[in-house]
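The values are calculated or read from the model by the stated rules, or taken from the named source; none is laboratory data. Note that this is a predicted model, so its numbers are computed, not measured. With ideal geometry, Cβ positions are generated from the backbone for all residues, glycine too; neighbour counts draw on all protein chains shown. Protein only, heavy atoms only, side chains kept; ligands, DNA and RNA dropped before computing areas. Shrake-Rupley method; radii C 1.70, N 1.55, O 1.52, S 1.80 Å.
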Amino acid sequence: MREITARRIIEMKGKEKIAMITAYDYPSALIADRAGMDIIFIGDSLGMVVYGEGNTLNVSMEQMVFHTRAVSKAVKRALVLADMPFASYEIDTDEGLRNAVRLIQAGADAVKIEGGYDHRKLVRKLVRMGIPVMGHTGLTPQRYLRFGGYRLMGETEEEIEEILRDAKALERAGAFAVVLEFTLADVAKLVTEEISIPTIGIGAGPWVDGQVLVWHDLLGIYEETPPFVKKYADIGGMMRLAIENYRDEVKGGAFPGREHYWEFLDKDDFRKKAARALEKLREED
């Protein structure tokens, strides 16, 4: 069992901020775990940042299982959390149970679902099975068509009520935490105060119990990022510069340098061996 568990995450509420980041492959997860992250999350955001989709709706269970297996092999300390992709649990509760089991068997320690009140029965069943569940409310990207795009949530009384209802339903159903995405900070603060389980914010201000960002966003892999992202590096620019330098050295003949290849020290020995090899080939022809 890994050091950070769902129970440990619950115990951190009000005592220590929770640091969460996405990862989608072995090397990224290895780095994130060694950096001391509390939760490493295989999000369905991989559809956009790894596969180039315009949204998360086309991500399949097969993709989630594949990436979960890769990430789980790298992580020794952090809690490994896997996303339930669109339509993997909404249509049929039994199918949702089966798909959650697939992610756990691939190496996840817990699963995340988008929504709250509508899926309280599924959450309760999963928890009773022994599968920790994190919920997700505010902006739920799998429902972006309903919202009219990726927009800030919590501006109306109805939205505040829905977010609170989701969070409280998740708490009652046994979820160990809930993500609040792109939600007005005042609303996120209210939710954090109203429930006993941790809130993990992404674009939801400072008054939550933890924060999550997408790997590619905080590292600056792409030029365009959501408005709530802080770029901690320009890895994309560094990668491009390195590749441009490689291209220039290849075209200019500077690479490979003498230290990057090996040759016969005894040239007479090489010429003899090469001559015999060529002679044998000519005889075969």
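Residue pairs whose Cβ atoms lie under 8 Å apart, sitting 6 or more positions apart in sequence or on different chains, and linking a residue in segment 191-209 that is among the hydroxyl-bearing types (Ser, Thr, Tyr) to a partner that is open to solvent by 30 Å² or more (accessible area, probe 1.4 Å) and modelled with pLDDT of 95 or more, are Thr192/Trp207; Ser196/Lys13; Ser196/Glu171. Would you tally the residues in segment 170-190 being crowded, with 22+ Cβ neighbours inside 10 Å, among the aliphatic types (A, V, I, L, M) and closer than 18 Å to Lys112 by Cα? Total satisfying the criteria: 6. Please specify each residue of segment 142-159 satisfying the condition of being open to solvent by less than 90 Å² (accessible area, probe 1.4 Å) and either small (Gly, Ala, Ser) or modelled with pLDDT of 85 or more (or both). If the condition is that a residue be open to solvent by less than 90 Å² (accessible area, probe 1.4 Å) and either small (Gly, Ala, Ser) or modelled with pLDDT of 85 or more (or both), then Gln142, Arg143, Gly148, Gly149, Arg151, Leu152, Met153, Gly154, Thr156, Glu159 are the ones that fit.
Condition check ((1) crowded, with 23+ Cβ neighbours inside 10 Å; (2) farther than 23 Å from Met153 by Cα) across all residues:
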position	(1), (2)
Met84	yes, no
Ile91	no, yes
Ala100	yes, yes
Ala108	yes, yes
Glu114	yes, no
Arg120	no, no
Arg128	no, yes
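Only a single item in (1) crowded, with 17+ Cβ neighbours inside 10 Å; (2) at negative phi; (3) within 23 Å of the chain's Cα centre (by Cα) is not met by Glu162, and it is number (3). Picking from residues in segment 239-249 that are acidic (Asp, Glu) and surrounded by fewer than 12 Cβ atoms within 10 Å (Cβ to Cβ), the one that is farthest from Leu139 (Cα to Cα) is Asp248.
Of the residues in segment 27-54, how many are out of contact with any Ser or Thr (no Cβ under 7 Å at 6 or more places or on another chain) and open to solvent by less than 30 Å² (accessible area, probe 1.4 Å)? Before the answer, list the steps.
Just the residues of segment 27-54 that are out of contact with any Ser or Thr (no Cβ under 7 Å at 6 or more places or on another chain), to begin with: 27-40, 46, 49-54.
If we keep only those that are open to solvent by less than 30 Å² (accessible area, probe 1.4 Å) as well, we get 28-29, 32-33, 38-40, 46, 49.
Counting residues in segment 27-54 that are out of contact with any Ser or Thr (no Cβ under 7 Å at 6 or more places or on another chain) and open to solvent by less than 30 Å² (accessible area, probe 1.4 Å) gives 9.
Among the residues of segment 45-60, which ones are over 19 Å from Gln211 (Cβ atoms) and not polar (S, T, N, Q)? Listed by number, the residues that qualify are Leu46, Gly47, Met48, Val50, Tyr51, Gly52, Glu53, Gly54, Leu57, Val59. Of the listed requirements (1) surrounded by fewer than 14 Cβ atoms within 10 Å (Cβ to Cβ); (2) under 22 Å from the mean Cα position of the chain (by Cα); (3) modelled with pLDDT of 95 or more, Glu224 misses just one: (3). Take the conditions open to solvent by less than 30 Å² (accessible area, probe 1.4 Å), of a type outside the set (D, E, K, R) and not in a helix (DSSP H, G or I) and apply them to Gly236. Does it pass? Here the answer is no, as Gly236 does not meet what is asked.
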